[in-house]
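These notes are about the structure you will find just below.
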């Protein structure tokens, strides 16, 4: 039935009561919304409850199309509640907006269609019924939107939990890896130390040359060179192959005799060496070695200390006393 406006002076008491009832309803809705807006900042769950109850209240009230103005006002109030609910859900779930962008766009389009009808000054009964139908669809979509948000929150919570578990597991694996690396390094260091050779039965002879003949001597002025002999003891860890040894000869003046270079001990101390010796070692075997050392400078009376180093460790030591000798020695 088409609505025909009547003059204010001709309104019946029933119509005035209807208007008063609508105004009271709208005022109640406004107060409810204001209270909701204030409370919404800290009570998201209760906010949704308030909005739902408000929507139910309006739906129960019904829309009377006998009076287009009142119908439009009720629809506008319902639309305002629905719009505010959408805005609240969107604002409170900014982190989920990416996953819900399509749904947000759809709701925004529906809001725009309803708003375009309600903003008309002379909306017809047919248009208002269309707006009511669209508003019902909008509220259905809002309920679906709420359900989707709840689902995403649960999924996000699970992802957060999974991420924490993965992070914990990663930290555990990293710690285990570091421990294994440390254990491996310690084992390699232990094996390296265990592979250090040891020298025993070190013997030092002073040699005097008479043509091609050799003669042992303890007299400084007669010594042409020294013969160093020793035994490499059995070692079942050291691999077979060439091994470098350093000979450090300390002369009677307590200085390294005839230095040829430097090397570092396991304590990190840098020492000068007199000779570097390369020997062919065979794993697990006792191996004798011998070599000659000729001083660059003249041999002087006193004690010559011979030290042998391998793998940064001192593996043997011997002292050779050289005497001055008599007038006819």
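No value in this document is a laboratory result; all are computed from the given coordinates. Predicted model only: the values in this text are computed from it and were never measured. All Cβ positions, glycine included, derive from the backbone under ideal geometry; neighbour counts span all protein chains shown.
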remark   = Packing-ranked peptide list from 287-297, 195-205, highest mean Cβ count within 10 angstrom first, is 195-205, 287-297
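Between residue 311 and residue 146, what length comes free when the chain is fully extended (0.36 nm per residue of separation minus the Cα-Cα distance, one decimal in nm)?
Working: separation 165, 0.36 × 165 = 59.40 nm, distance 7.32 nm.
Full extension from residue 311 to residue 146 adds 52.1 nm.
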note = Yeah, the stretch 95-200 with a ≥ b ≥ c from its alpha-carbon gyration tensor (a/c under 1.5 is rounded, else prolate when a/b outruns b/c, oblate otherwise) is prolate
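Order of 173, 138, 128, 271 from fewest to most other C-beta atoms within 10 Å?
On the way: 173 10, 138 24, 128 20, 271 17.
Least to most surrounded, the residues fall as 173, 271, 128, 138.
Return the equivalent ellipsoid semi-axes of the stretch 114-158 as a descending list in whole Å, where each equals the square root of 5 times an eigenvalue of the C-alpha gyration tensor.
Numbers: eigenvalues 237, 17, 3 Å².
They are 34, 9, 4 Å, listed largest first.
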D_trans [Stokes-Einstein, Kirkwood Rh over alpha-carbon pairs] for the stretch 239-329, 4 °C, 1.567 mPa s, µm² s⁻¹ = 88 µm²/s
Per-bin percent of Cα-Cα distances, the stretch 193-280 [10 Å] = 13, 36, 35, 14, 2
query = Regarding the stretch 159-309, what are the three Cα extents along the principal axes, ordered largest first, in Å?
reply = 91, 34, 19
task = Grab the Cα-Cα distance for residue 278 and residue 237, subtract it from 0.36 nm times how many residues apart they are, and report the gain in nm with one decimal.
result = 12.9 nm
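Between residue 297 and residue 270, what length comes free when the chain is fully extended (0.36 nm per residue of separation minus the Cα-Cα distance, one decimal in nm)? Let's see the in-between values first.
Values: separation 27, 0.36 × 27 = 9.72 nm, distance 2.38 nm.
Gain in length upon complete extension: 7.3 nm.
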key: Radius of gyration, Dmax [the stretch 277-329; alpha carbons; angstrom]   = 15.7, 50
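Only counting other Cβ atoms within 10 Å, I'd like 89, 135, 152 sorted with the fewest neighbours first. Intermediate results must be reported in sequence, preceding the final value.
Details: 89 22, 135 25, 152 16.
Sorted ascending by nearby Cβ count, the order is 152, 89, 135.
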message = Test of understanding: ordering 217, 168 by Cβ neighbours within 10 Å, fewest first, what list do you get?
response = 168, 217
